[in-house]
Every structure is written in structure tokens, then in C-alpha cells.
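Notes to accompany the following structure.
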Amino acid sequence: MPWLASLVVCGLLVLAMLLIDSRSASALPIPAGKVYAIPAFARKYGMPCSACHEAWPKLNNFGQTFKDNGYQMGNDRDAPIFQQPAYWPVSFRMTPHWHRVSVDRADILDPVTGNTTEGRLTNHGFDLSGMDILTAGTLAKNISFLLVPAAESDAVFAFESANVRFSNLLKSSWLNIKVGKFELDNMISEKRIMTLSDSGGYQIYHYQPVTEFTNPATLVPFAFGMGDNQIGAELSGHSKNSYTRYSAALLSSNDGSVGVPNGHGYDTYLTFSQAFEAGSLGLQRVGAFAYIGRAPTYLATSSFLADGFGQKSFYRAGFFGLWYLKKLDFMTMYTRGGDNVFLGTGTPSFSPLPTGAQG
């Protein structure tokens with residue numbers, strides 16, 4: 001029921017404003033080290049970037065805890081007025097680079113014969129990434145924000161992130177609410193990968209049957225990526241050291257697009273993870289996730305409004321591990337997904353399924 005989902009979101013916002021804890025949380029232990037700080041957080045707290053990043057932009061556990069606490073360390077420097085006047089707390093990120101991208105088992109069209117064959121496509125050369133403008137911090141005790149206007153390499157701007165977070169509700173790190181557009185709570189974050197590619201992040205987050213994009217009869221092709229930033233509200237919690245973490249998000253069924261183009265659907269994303277020490281090997285983390293959603297199979301339009309109808313279900317679920325062998329780390333993930341047969345074949349729900357399709 002659409003009104004119920006709207007009521008839940010409004011209720012979470014009101015609850016956050018009523019229960020926000022104005023006192024500081026317990027302070028995080030600050031790692032020792034020489035200071036070579038350039039970004040806003042490093043300058044604000046007088047710490048090296050390596051305090052939070054094991055290899056930029058990937059976070060270590062201290063950086064994850066700082067993020068989980070709403071960009072706070074539990075000391076006087078958390079206040080938004082604690083800024084050095086010599087710089088703006090804004091970062092610009094753009095990367096000139098050389099890269100090579102290869103795609104196997106691609107459909108290659110021969111322009112002479114019109115036939116399609118399967119093969120490998122490879123390109124490489126010097127390039128520029130898009131540009132991100134990042135600003136984040138605290139608005140008040142336990143109220144933080146993140147705003148990221150971003151331009152692709154063709155200079156088209158959009159808001160990659162725009163959210164406000166209310167932390168430590170009821171004076172507990174287990175109750176935090178975030179509202180706006182944000183990255184899903186993926187511990188293996190494709191926003192923090194160190195590869196340079198125009199083909200996006202982790203393909204495991206974006207795989208869909210090809211018919212979901214190519215059938216024009218649907219009028220509203222179903223597109224979804226777990227690595228895409230989504231719009232909605234998230235309830236999350238964590239232990240003081242962020243070894244134990246959970247999150248539950250209620251999201252609009254539009255894959256992060258503004259203007260609710262897919263009508264009145266809502267999705268749910270759930271995660272849980274647990275970290276543990278493994279002696280001299282370092283901190284290990286395992287977790288599980290599930291995304292359950294519904295998407296329209298056809299679109300009804302008017303001069304004022306478009307709405308999606310014939311919603312059908314889909315899901316993505318799996319588990320992951322972040323493993324460390326002292327200074328060597330690697331990631332493992334297993335994901336299983338399922339799309340309703342109408343979504344998978346790109347068929348409107350009022351039409352018969354293609355020959356051979358079952359569901």
C-alpha cells in the first residue's frame with residue numbers, strides 16, 4: 001500500500017528529530033602517526049588519510065567506524081564550526097589515466113552481412129574520469145550530511161549522493177536513520193574500487209537478462225543495479241567498534257532516478273555483517289545481504305503524470321567475505337538473483353509470454 005510506505009518514512013523522520021541525542025558519543029581511539037592531511041576530514045581532525053583508508057579510497061575498520069558514527073569521533077572537533085578558515089571543506093576528484101577494458105562473449109554485429117557473432121571486444125588508451133564534488137560533515141551533534149554533485153566524462157551533471165543522517169537515536173549506536181539518495185550498505189563498495197574503467201563497477205551488481213533492456217513493447221525497460229545509489233530511508237546500527245553491523249532500507253523502485261518514473265513501487269534492502277580478529281592475520285569480516293523489489297512491466301502516461309503498472313517481483317541475495325592475510329587482502333562474494341518471467345522476458349503483464357517461457 002503506497003500510503004503505508006509514505007507513512008513509515010514520515011514516521012521515521014519525526015522519530016529521528018524527537019530522539020536525536022545532542023550529546024557526543026564515546027570518542028574513537030585515534031591512530032598515531034605523522035600528519036600529511038589534505039582532504040577535509042584529515043585536516044579537520046589533524047590526522048593522516050591512512051588513519052581511515054588502508055588504500056584510498058578503500059576504508060579500514062577505523063574509517064568504517066568514523067563513517068558509521070556520522071562522521072564523528074566523539075570529541076570537540078565534531079562540531080560543524082570547527083573548521084580551518086584557510087580552506088573550503090569541499091573536495092574535487094577527477095582522474096586522468098590510462099586504462100584497458102576487455103569484454104568477453106560480446107555480441108558483435110558485422111555491418112556488411114548484418115550477422116551477429118560472439119567474440120571479445122577490447123579498447124585502451126589515455127582517458128579522463130568524470131568529476132565528483134564532495135562535501136560532507138556535521139550540521140549539529142549527531143546530524144550529518146553528504147552531498148556529491150557529479151559529472152560524467154561528457155560533462156552531464158547529476159546528484160550521485162544527497163542525504164542527511166540522524167545518529168545515535170536514544171543514545172544508542174544501534175539506532176541511526178538516513179534519508180535521501182545514498183549508496184546501499186554494501187561492504188564491498190563499488191564506489192571505493194581502485195580500478196579505472198568506463199564499464200562501471202562490479203558486474204555482479206548489475207547483471208540482468210538482455211531482454212529486459214531490448215523489448216520496446218514494455219515501454220518501461222526494467223533496469224536495476226545493486227551498486228547504484230538509491231533514494232529512500234535507511235535504518236542502521238552497529239557496535240561501538242563497528243565489528244557488528246546491520247541495515248534495513250526502504251527505497252523507491254526507480255534505481256536511484258529522480259521523479260519516481262516507475263510509479264508507486266517500493267523495494268527493501270537488508271544487510272548484516274560480523275567482523276572478527278584472526279590473530280596476526282588481521283581483521284576478517286563476513287556478511288549477508290538481500291534486495292527484494294518490484295518493478296512495472298508497462299507504463300501508463302498522461303500529459304501530467306506517468307505511472308508504472310503490472311509490477312512483478314525480483315530479488316538479489318548472497319553473502320560475502322573480506323579476508324586479510326596481514327598486508328594482503330582479498331574479497332569473495334556469492335550472489336543469486338531471480339526476476340519474474342515477465343521482467344526477464346521484457347513482456348507486459350497483460351500480454352502472453354513468449355513461446356517456451358514459464359513462470
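Each value in this text was obtained by applying a stated rule to the coordinates, not by laboratory testing. Quantities reported herein were computed from a predicted structural model and do not represent experimental measurements. Ideal geometry is used to build each Cβ from the backbone, glycine not excepted, and the neighbour counts take in all protein chains shown.
Would you list, by chain and number, the lysines whose Cα falls below 30 Å from the Cα of LYS312, excluding same-chain residues fewer than 8 positions away?
LYS178, LYS181, LYS191
How much length, in nm to one decimal, is gained on full extension between ASP76 and LEU325, taken as 0.36 nm per residue of separation minus their Cα-Cα distance?
Value of the extension gain: 86.0 nm.
Which GluC sites (Glu not before Pro) does the range 66-168 hold that lie in a coil by DSSP with at most 13 other beta carbons within 10 Å? Each step should come with its number before you reach the end.
Numbers: sites: GLU118, GLU152, GLU160; in loops: GLU152.
Passing both the DSSP loop test and the Cβ count: GLU152.
Filter the chymotrypsin sites (Phe, Trp or Tyr not before Pro) in the range 68-110 down to the DSSP loop ones having no more than 14 other Cβ atoms within 10 Å, then list what survives.
Passing both the DSSP loop test and the Cβ count: PHE82, TYR87.
Within the set of other residues whose C-beta is less than 10 Å from the C-beta of ILE292, count the net charge using Lys and Arg as +1 and Asp and Glu as -1.
+1
Along the Cα→Cβ direction, 7 angstrom out, place labels at ASP127 and GLU54. What is the inter-label distance in nm?
Output for this residue pair reads 2.6 nm.
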